[in-house]
Amino acid sequence: MIAGIIKRRLHRDICRDPVLHGFVLNLYLNGEEYPHRIDDYFPVWAVPDGHLLSAMQSHMQDEDKHVVLYRKAIKKIEQPIVEIPLPEVYNEIIRSYTKDSFRIDRQDSADDRTLKLAGFFAHLHFLEKRIARSLEFHLDGCSSAVSDYPEKVVEIVFGDEQHHVSYTREAVFHLLPAERAKKVLADHRRAEARANLDFSSQQLSRLTKDYSDRFPRATRTIYRYAGELLEWGLHYA
Ligand SMILES: [Fe+2]
Ligand SMILES: [Fe+2]
């Protein structure tokens, strides 16, 4: 409840300032571009099923559309496009907390492929879920932006991500027996929860240090403490 109030206020403060807004839109953009910077996302060649294959292909098209939209939104508020180093991109941080790799090799057995594919969908499911939650707050904040274009973009992206959240979970249950599917999902839920504390505390601390004077004095301190609390949660919870 309190976290929700702080997040809502944070996104409003961010969207009001084009520099801060550009910073956050670049975080979203870099997540969307991630599949093109590595070589084991969306392994279409290993998807056996017609329905799942077309779902994955349309997912890839959505994410490429999001890249174009975010780039346009960043330009509309006259901010630079920034390429964030891979270790700081959220997808990569989640993977650093993920025990088993979902990289599929050509020599993997059919069972291994299925398990890894299910792992990939479970990874996507929790990633998409977190992004959708974040976009909900961001969409609310966008009403105070200097241009109405980012709001239009975030609304479209938010709709697509909600669909990605549901179909990726269904995919895990489609590929694996229910008990196995639940276990794979639980592993990826834990990884994403740790990654979220890590990523959020990093980015919040960067925002409150590097852009401190861009935040209203009243909320600046609250965000700094919120960042420290997240870090505390990561190390001690
Ligand atoms: Fe997306
Ligand atoms: Fe997505």
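Throughout, read-outs are computed from the coordinates displayed, never taken from laboratory work. Just so you know, these numbers come straight off a predicted model, no measurement behind them. Glycine gets a Cβ as well: all are built from the backbone with ideal geometry, and neighbour counts include every protein chain shown.
Considering helices alone, the calculated mean residue ellipticity of the chain at 222 nm is -26500 deg cm²/dmol, with DSSP H runs of length four and up weighted by -39500 (n - 2.57) and normalised per residue. Projecting the Cα atoms of Gly141, Ala73, Ile156 onto the charge dipole of the chain, computed from C-beta unit charges around the Cα centre, puts Gly141 farthest toward the positive end. Roughly how tilted is helix 217-236, in degrees to the nearest 10 and between 0 and 90, from the longest Cα axis of the chain? Tilt relative to the chain: about 30 degrees.
Ordering Ile104, Phe120, Tyr28 by Cα displacement along the dipole of the chain toward the positive end leaves Tyr28 in first place; charges were set at the Cβ atoms of Lys, Arg (+1) and Asp, Glu (-1). Were the residues from Glu83 through Ala218 laid out at 0.36 nm apart, the gain over their Cα-Cα distance would be 45.5 nm. On full extension, the segment bounded by Lys152 and Gln107 gains 11.7 nm, given 0.36 nm per residue less the C-alpha separation.
For the chain, the relative contact order comes to 27 percent (Cα pairs under 8 Å, sequence separation of at least 6). This model, with +1 at the C-beta of Lys and Arg and -1 at the C-beta of Asp and Glu, gives the chain a dipole about its Cα centre of some 760 debye.
Against the longest alpha carbon principal axis of the chain, how many degrees, from 0 to 90 and to the nearest 10, is the axis of helix 50-76 turned? The two axes meet at around 20 degrees.
In the calculated pair-distance distribution of the range 93-236, the portion above 24 angstrom amounts to 46 percent of the Cα-Cα pairs.
Computed over Cα pairs, the Kirkwood radius of the range 51-94 leads via Stokes-Einstein (0.692 mPa s, 37 °C) to a diffusion coefficient of 263 µm² per second.
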